[in-house]
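Read the structure below first, then the notes.
The values are calculated or read from the model by the stated rules, or taken from the named source; none is laboratory data. Predicted model only: the values in this text are computed from it and were never measured. Glycine gets a Cβ as well: all are built from the backbone with ideal geometry, and neighbour counts include every protein chain shown. Accessible surface areas use protein heavy atoms only, side chains included; no ligands, DNA or RNA. Shrake-Rupley method; radii C 1.70, N 1.55, O 1.52, S 1.80 Å.
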Amino acid sequence: MTLRLHDTATRETRDFVPLQPGRAGIYVCGLTVQSEPHVGHVRSAVNFDVLRRWLSATGYEVDFIRNVTDIDDKILAKAAEQGIHWYALAAAMKRALDKALAAINVLPPTYEPGATGHVPEILELIEELVARGHAYAAEDGSGDVYFDVRSWPAYGELTRQKVEDMEPAGDADPRGKRDPRDFALWKGWKKDSEPQTAAWPSPYGPGRPGWHIECSAMAGKYLGPAFDIHGGGVDLRFPHHENEQAQSRAAGRPFSSYWLHNAWITTAGEKMSKSLGNSLLIPSVLERVRGIELRYYMVSAHYRSHVEFSFEALDEAAKGFRRIEDFLDRAGGTAVASAVPDEFAAAMDDDLGTPAAVAVIHDHVRQGNSALAVGTSVTAQIAAQVRAMLDVLGLNPADEAWATGTGDDKLTSVVDALVQGLLAERAAAREAKDWARADAIRDQIKAAGVEVEDTPTGPKWSV
RNA sequence: GGUGGGUUGGCCGAGAGGCGAGGCAACGGACUGCAAAUCCGUGUACACGGGUUCAAAUCCCGUACCCACCUCCA
């Protein structure tokens with residue numbers, strides 16, 4: 001079986017053929033750390049985390065590079081507004097991002113390069129482009145360096161657009177540009193409005209990297225001139241990815257073989273944009289559902305499908321996931337099967353068909369529950385398969401990534417001791433067929449927020 | 001104007017010519033002292049109008065509405 005991926009550059013779902021057998025180099029555009037992460041950011045991270053896990057599960061050695069843009073116009077502007085250093089804002093938002101991603105079990109990338117740490121690589125690439133006649137220093141003394149769109153006939157190939165049809169950038173500063181569509185590789189330091197810490201020396205004068213160039217430079221450094229997969233959100237297709245590809249190819253680097261783009265998650269039909277201010281921040285979402293439930297919600301939709309976020313749908317997903325967890329609880333054990341079922345693998349191989357993959361998990365859960373009812377030995381085997389499938393999706397409840405603090409364990413044992421006392425009383429009442437008394441005890445426990453279920457092996461409680 | 005995507009049952013959400021993915025909710029049954037959980041069963045779904053075909057949610061033509069990108073964006 002071969003993994004097939006939908007390449008947005010060719011608009012085809014085609015076999016994944018790595019440049020080197022058994023290895024996969026992936027570059028994903030991470031975030032500009034300018035504000036708290038919301039569910040949209042997290043969706044992208046989860047989608048590509050699933051890709052990475054599936055490649056690993058099928059035997060690939062994966063180099064997963066996800067950048068963090070730690071300097072740009074917005075970071076500078078927001079920091080200035082808040083009266084703090086731009087790097088203080090970037091660092092604080094980076095910590096918030098790390099926390100959010102850890103809460104939904106997104107594996108840390110192999111390496112997470114930042115723009116500010118790669119100025120030499122960026123300048124090297126710019127110089128290469130200037131030398132080849134694809135970039136020029138602005139003649140207005142601004143210190144900017146632009147990519148010359150007209151010098152690269154393939155410009156627009158990624159998004160199938162003709163340069164003539166593109167709207168000229170209305171808000172762009174046209175100073176010194178040969179064409180309004182030319183974009184900045186290097187931004188000259190504006191000494192009147194920007195702190196000195198936001199400028200690095202360069203042959204063009206002090207300045208900082210433009211937005212797109214960092215990804216080309218860092219992908220080149222860590223994955224080489226040619227690599228397998230480049231990912232990001234759909235909005236990045238243009239201009240960001242188009243520009244990345246143009247820059248890289250104009251510098252003689254073949255760049256990415258496949259382009260993957262995840263769709264949006266919206267609220268009230270609107271894009272969850274930083275500028276709209278309707279962001280659903282992760283900490284507040286996690287007050288409602290657990291991280292594993294949020295992740296399940298995201299994985300149950302296909303990465304290329306637009307999702308309309310709603311708390312109702314999130315709650316439903318959480319219930320659906322608990323059904324899986326309940327089965328694993330009842331089945332006991334922690335064994336993980338060495339291989340996932342064929343239907344699951346087929347679903348994943350088909351452009352990461354996580355909805356179908358989740359359906360396979362539910363099918364197994366149903367079979368497992370049936371097996372459990374008659375007490376057959378296949379139960380453990382089914383549970384092990386379910387865990388293997390959940391592992392691929394980053395949803396195995398036994399994964400230590402989901403482990404809660406030690407305080408919880410202590411609390412659990414205290415509650416257990418209290419509940420057990422009441423359950424013993426209830427058992428005595430049931431023994432005496434005093435149903436009214438037994439139910440009263442159950443209601444009393446329930447009123448405290450603890451559900452009691454009678455199982456063949458005795459009563460079980462859960463919060 | 002250019003480019004790309006969408007509209008599926010009460011809800012979420014797959015599929016991409018022929019057996020009704022899966023989940024949530026609902027209803028009926030089994031189990032249970034009663035519940036819960038679980039299992040079994042129950043659904044005239046594919047925006048609209050034409051067309052192709054033995055067969056269309058799926059392909060073609062047209063229409064409507066929605067969304068994204070076109071140099072801030074996951």
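Packing, as the average of other Cβ atoms within 10 Å across residues, places the peptides A:288-300, A:83-95 in the order A:288-300, A:83-95, highest first. Computed over protein heavy atoms with a 1.4 Å probe, the accessible surface of chain A works out to 46 Å² per residue.
For the stretch A:304-315, putting each phi into the Karplus relation 6.51 cos²θ - 1.76 cosθ + 1.60 with θ = phi - 60° gives couplings of 9, 9, 5, 10, 9, 5, 8, 5, 5, 5, 5, 5 Hz, in residue order, rounded to whole numbers and with x for Gly and Pro.
Solvent-accessible area of the stretch A:406-462 (1.4 angstrom probe, protein heavy atoms only): carbon and sulfur portion equals 56 percent.
Among residues other than A:Arg290 with Cβ under 11 Å from its Cβ, the summed charge is 0 (Lys and Arg +1, Asp and Glu -1). Rounded to whole numbers, the Karplus 3J(HN,Hα) couplings from phi for the stretch A:203-220 are x, 9, x, x, x, 9, x, x, 5, 6, 5, 4, 5, 4, 5, 6, 4, x Hz, using 6.51 cos²θ - 1.76 cosθ + 1.60 with θ = phi - 60°, and x at Gly and Pro. Over all other residues within a Cβ to Cβ distance under 13 Å of A:Trp435, the charged ones net out to 0, with Lys and Arg as +1 and Asp and Glu as -1.
Roughly how tilted is helix A:86-103, in degrees to the nearest 10 and between 0 and 90, from the longest Cα axis of chain A? That helix lies at roughly 30 degrees to the long axis. Couplings for the stretch A:252-267, taken from phi via the Karplus curve 6.51 cos²θ - 1.76 cosθ + 1.60 with θ = phi - 60°, read x, 9, x, 6, 7, 7, 10, 10, 10, 10, 8, 7, 7, 10, 10, 10 Hz in order; Gly and Pro are left as x.
With a 1.4 Å probe and all protein chains left in place, how much of the accessible area of the stretch A:10-124 comes from carbon and sulfur atoms, in whole percent? Mind dumping the intermediate values first?
Numbers: 2450 of 4640 Å².
Of the solvent-accessible surface of the stretch A:10-124, carbon and sulfur hold 53 percent.
On full extension, the segment bounded by A:Glu12 and A:Ala154 gains 49.2 nm, given 0.36 nm per residue less the C-alpha separation. Amide H to amide H distances under 5 Å link A:Glu308 with A:Thr266, where only residues 5 or more positions off or on other chains count and H is placed in the peptide plane. Work out the charge dipole of chain A with +1 on the Cβ of Lys and Arg and -1 on the Cβ of Asp and Glu about the Cα centre, then indicate which of A:Leu418, A:Gly143, A:His85 is farthest towards its positive end. So the residue furthest toward the plus end is A:Leu418.
Note on chain A: Cα convex hull, mean projected area over all directions, 25.5 nm². Checking the a/c ratio against 1.5 first, then a/b against b/c, what shape does the Cα gyration tensor give for the stretch A:337-412? Note, shape of the stretch A:337-412 comes out oblate. For chain A, the share of DSSP beta bridges that are antiparallel, to the nearest 5, is 50%.
Relative to the longest principal axis of the Cα atoms of chain A, the long axis of helix A:354-374 makes an angle of roughly 10 degrees.
Where the accessible area of the stretch A:288-401 is counted over protein heavy atoms with a 1.4 Å probe, how much of it, in %, is carbon and sulfur?
Values: 2450 of 4860 Å².
With neighbouring chains kept in place, the figure for the stretch A:288-401 is 50 percent.
With unit charges on the beta carbons (Lys and Arg positive, Asp and Glu negative) and the dipole taken about the Cα centre of the stretch A:406-462, which residue among A:Gly458, A:Gln444, A:Ala428 sits farthest to the positive side? Result: A:Ala428, furthest along the dipole toward the positive end.
A:Thr2: net charge of surrounding residues, Cβ under 13 Å, Lys/Arg +1, Asp/Glu -1, itself excluded? Working shown, then result.
Working: positive: A:Arg4, A:Arg14; negative: A:Asp15, A:Asp349, A:Asp350, A:Asp351.
Neighbourhood net charge equals -2.
Prolate is the label for the stretch A:406-462, because the ratio a/c of its alpha-carbon gyration tensor axes (a ≥ b ≥ c) is 1.5 or higher and a/b is greater than b/c.
Please report, in debye to the nearest 20, how large the charge dipole of the stretch A:406-462 is about its Cα centre when each Lys and Arg carries +1 at its beta carbon and each Asp and Glu carries -1 there. Mind showing how you got there, number by number?
Numbers: 8 positive and 11 negative charges, 29 e Å.
About 140 debye.
Normalised by residue number, the volume inside the convex hull of the Cα atoms of the stretch A:4-267 is 134 Å³ per residue. Scanning residues 5 or more positions from A:Ala9 or on other chains, those with amide H under 5 Å from its amide H are A:Trp259, with H placed 1.01 Å from N in the peptide plane. Counting only Cβ charges, +1 for Lys and Arg and -1 for Asp and Glu, the dipole size of the stretch A:326-441 around its Cα centre is about 640 debye. In this structure the amide hydrogen of A:Gly231, modeled in the peptide plane, comes within under 5 Å of the amide hydrogens of A:Tyr27, A:Val28, A:Cys29, A:Leu260, none closer than 5 places in sequence on its chain. Ranked by the mean number of other Cβ atoms within 10 Å per residue, highest first, peptides A:362-368, A:390-396, A:44-50 order as A:44-50, A:390-396, A:362-368. Computed from point charges on the beta carbon alone (+1 for Lys and Arg, -1 for Asp and Glu), the dipole magnitude for chain A about its Cα centre is near 240 Debye.
Once a ≥ b ≥ c are taken as the square roots of the eigenvalues of the Cα gyration tensor of the stretch A:288-375, is the result rounded (a/c under 1.5), prolate (a/b larger than b/c) or oblate (a/b not larger than b/c)? Could the numbers behind the result be given before it?
Details: a/c = 2.26, a/b = 1.28, b/c = 1.77.
Oblate, because a/c is 1.5 or more while a/b does not exceed b/c.
Since only A:Val365, A:Trp259, A:Gln247 are under comparison, the one whose Cα sits farthest along the positive direction of the charge dipole of chain A, derived from C-beta charges on Lys, Arg, Asp and Glu, is A:Val365.
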